[in-house]
1. Could you tell me which trypsin sites (Lys or Arg not before Pro) in the stretch 14-91 are loop residues by DSSP with no more than 16 other beta carbons within 10 angstrom of their beta carbon?
2. Run through every distinct alpha carbon pair of the chain and return the Kirkwood hydrodynamic radius in angstroms, one decimal place.
3. Cut-off under 13 Å on the C-alpha distance; same-chain residues fewer than 8 positions from Lys15 excluded. Which aspartates and glutamates are left, in chain and number order?
4. Among residues other than Tyr111 whose Cβ falls under 9 Å from its Cβ, what is the net charge (Lys/Arg +1, Asp/Glu -1)?
5. Keeping every protein chain present and rolling a 1.4 Å probe, give me the accessible area per residue for the chain in Å².
6. Once neighbouring chains are kept in place and the probe is 1.4 Å, which whole percent of the accessible area of the chain is contributed by carbon and sulfur?
7. Going by alpha carbons, how many degrees (0 to 90, nearest 10) lie between the helix axis of 23-55 and the longest principal axis of the chain?
Amino acid sequence: MDAANTATTVARKPKPGKKYFSLDEATRALPYVDRVIRDIQDCYHQVVAMRQRLDHPHPEDDAQQFEREYERSMDHLSNLVDELHQVGVELKDYDMGLVDFPAVHDGREIYLCWHRGEGAIHAWHEVDAGYSGRQDVKALAD
């Protein structure tokens with residue numbers, strides 16, 4: 001085994017102290033995660049619109065006041081993302097509301113993958129595969 005393969009294998013091993021979800025635990029967390037993701041998406045879209053307005057201000061804008069509001073919104077967005085991290089969930093895409101739940105399968109770290117609008121967790125992927133590498137969670141039972 002070469003060094004590159006060893007590094008990849010080591011990186012995939014579960015890390016002590018890290019939160020890992022079973023499919024059932026991730027499913028039970030979905031209602032809460034969905035609410036936080038909805039808030040993140042709302043705040044994110046607001047921040048993007050505010051950034052565009054800061055970059056192209058209207059003559060009637062109070063630039064300092066608008067900048068303060070933008071900073072408050074950015075802080076709020078950061079707090080919402082931190083809230084997900086405290087649960088153990090990783091946000092992957094703001095627009096899609098895409099999140100990964102770290103999990104362990106066959107002694108290696110994987111991600112249970114979900115995005116806003118999906119009624120349940122239907123997919124998983126290897127840590128280095130990303131969204132395009134999604135596979136049906138039914139395969140985990142094999």
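1. Answer in residue order: Lys18, Lys19.
2. The answer is 17.1 Å.
3. Once the sequence-local aspartates and glutamates are set aside, what remains near Lys15 is Glu109.
4. -3
5. Averaged over the residues of the chain, the accessible area is 60 Å².
6. Of all accessible area on the chain, carbon and sulfur atoms account for 51 percent.
7. For 23-55 against the chain, the angle is about 30 degrees.
The values are calculated or read from the model by the stated rules, or taken from the named source; none is laboratory data. Small disclaimer: the values here were computed from a predicted structure and weren't measured. Ideal geometry is used to build each Cβ from the backbone, glycine not excepted, and the neighbour counts take in all protein chains shown. Only protein heavy atoms, including side chains, enter the accessible area calculation; ligands, DNA and RNA are left aside. Shrake-Rupley method; radii C 1.70, N 1.55, O 1.52, S 1.80 Å.
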